[in-house]
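*Asks:* Let me begin by handing over the structure; questions about it come next.
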């Protein structure tokens, strides 16, 4: 089988021919049809996570394909089922976090494409208990990004306990934000899209935004206060200086959740925490329960990412486009030509 291997950081991926993996009684062999290209893959290739990644590695954690071989101890997946694999490859399954369905917090979890072979390959094996069935009415190409981008923003919104008709603002209308707009609208919220580019307004409104705030022209906090203040703000951007102004746009009991991994701090006055009872939190991906819910919710409400599909052989070119910011929303590699 063909695989794309990151042999060392800051070098292009190398194509190699590997044997198709053998599976044990508790595993599933997936024929990968599509694999999403996430910004996290770029961190692996560019060496941003050197202390975390064991090179060589096969990246890719937005996997969608077909189960072609199933271990005899795996009864919940059948050969021929559409299935996928997310960021969480496996976990201990017995710690309090795992028992609570929050495997990303497990101190012993493994990560697809970082500590275990990922989906930049024609086949991959995976532990049966973490392989997730894809609803029949979800197209495989559109399913792939839901295994990371989709579950990341859906989980964040779900943890924020959104109530119908709350004002929910989404900052950053990119690969994560364009899905968050759709989920928030389907959850019954009044939705505000926040972007530094007026070019995103048409798309944002098509995806469900009731209001649009262009931060290059107006103060987002002031505009949110004019609307009564945001009950929820989900920010997907990577710059703390862009997140900081939003704190003042929260309504009393408002919740701000960060899913963009900005490295710089943001400041919150203890006085605001006390008098307005606002909450500032963060969220990253989701466990198996929330992933299944993400897929079912997406299927039921017709939610899908906007994608551009590229042949597997173009993986290095696609990564370079992600690096340059030329992929507007989500890129997906097609393994089966």
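*Asks:* Given the criterion in contact (Cβ under 8 Å) with a residue 60 or more places away in the chain and part of a helix (DSSP H, G or I), identify the matching residue among 242, 251, 284, 221.
*Replies:* It is 242.
*Asks:* Tell me, which strands (runs of 3 or more DSSP E) wholly within segment 34-134 include 3 or more residues that are farther than 15 Å from residue 286 by Cα and touching a strand residue (DSSP E or B) at 6+ places or on another chain (Cβ under 6 Å)?
*Replies:* 63-70, 123-127
*Asks:* Just the residues that are within 27 Å of residue 183 (Cα to Cα) and over 16 Å from the mean Cα position of the chain (by Cα), please, taken from segment 106-133.
*Replies:* 106, 129, 130, 131, 133
*Asks:* For segment 322-334, indicate whether the set of residues that are in a helix (DSSP H, G or I) and assigned by TED's automatic domain parsing to the domain that holds residue 137 is non-empty.
*Replies:* yes
So that you can scan it fast, the table gives a plain yes or no per residue for (1) more than 16 Å from the chain's Cα centre (by Cα); (2) within 20 Å of residue 142 (Cα to Cα); (3) surrounded by 15 or more Cβ atoms within 10 Å (Cβ to Cβ):
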site: 36; (1), (2), (3): no, yes, yes
site: 39; (1), (2), (3): no, yes, yes
site: 46; (1), (2), (3): yes, no, yes
site: 51; (1), (2), (3): yes, no, no
site: 57; (1), (2), (3): yes, no, yes
site: 67; (1), (2), (3): yes, yes, yes
site: 74; (1), (2), (3): yes, no, yes
site: 81; (1), (2), (3): yes, yes, yes
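*Asks:* It is to be established whether one or more residues within segment 296-307 are surrounded by fewer than 15 Cβ atoms within 10 Å (Cβ to Cβ), outside the structural domain of residue 42 (by TED's automatic domain parsing) and out of contact with any strand residue (DSSP E or B) (no Cβ under 8 Å at 6 or more places or on another chain).
*Replies:* No, segment 296-307 contains no residue that is surrounded by fewer than 15 Cβ atoms within 10 Å (Cβ to Cβ), outside the structural domain of residue 42 (by TED's automatic domain parsing) and out of contact with any strand residue (DSSP E or B) (no Cβ under 8 Å at 6 or more places or on another chain).
*Asks:* Just name the residue that is farthest from residue 117 (Cα to Cα) out of those in segment 1-21 that are loosely packed, with under 15 Cβ neighbours inside 10 Å and in contact (Cβ under 8 Å) with a residue 40 or more places away in the chain.
*Replies:* That would be 12.
*Asks:* In segment 161-198, what residues are part of a loop (DSSP other than H, G, I, E, B) and buried (at least 24 other Cβ atoms within 10 Å of the Cβ)? Even if it seems obvious, please write down each step before you answer.
*Replies:* First pass over segment 161-198, keeping only residues part of a loop (DSSP other than H, G, I, E, B): 161-166, 172-176, 187-189, 196-197.
Scanning segment 161-198 gives 172, 173, 175, 176, 189.
The values are calculated or read from the model by the stated rules, or taken from the named source; none is laboratory data. All values derive from a computational prediction rather than experimental measurement. All Cβ positions, glycine included, derive from the backbone under ideal geometry; neighbour counts span all protein chains shown.
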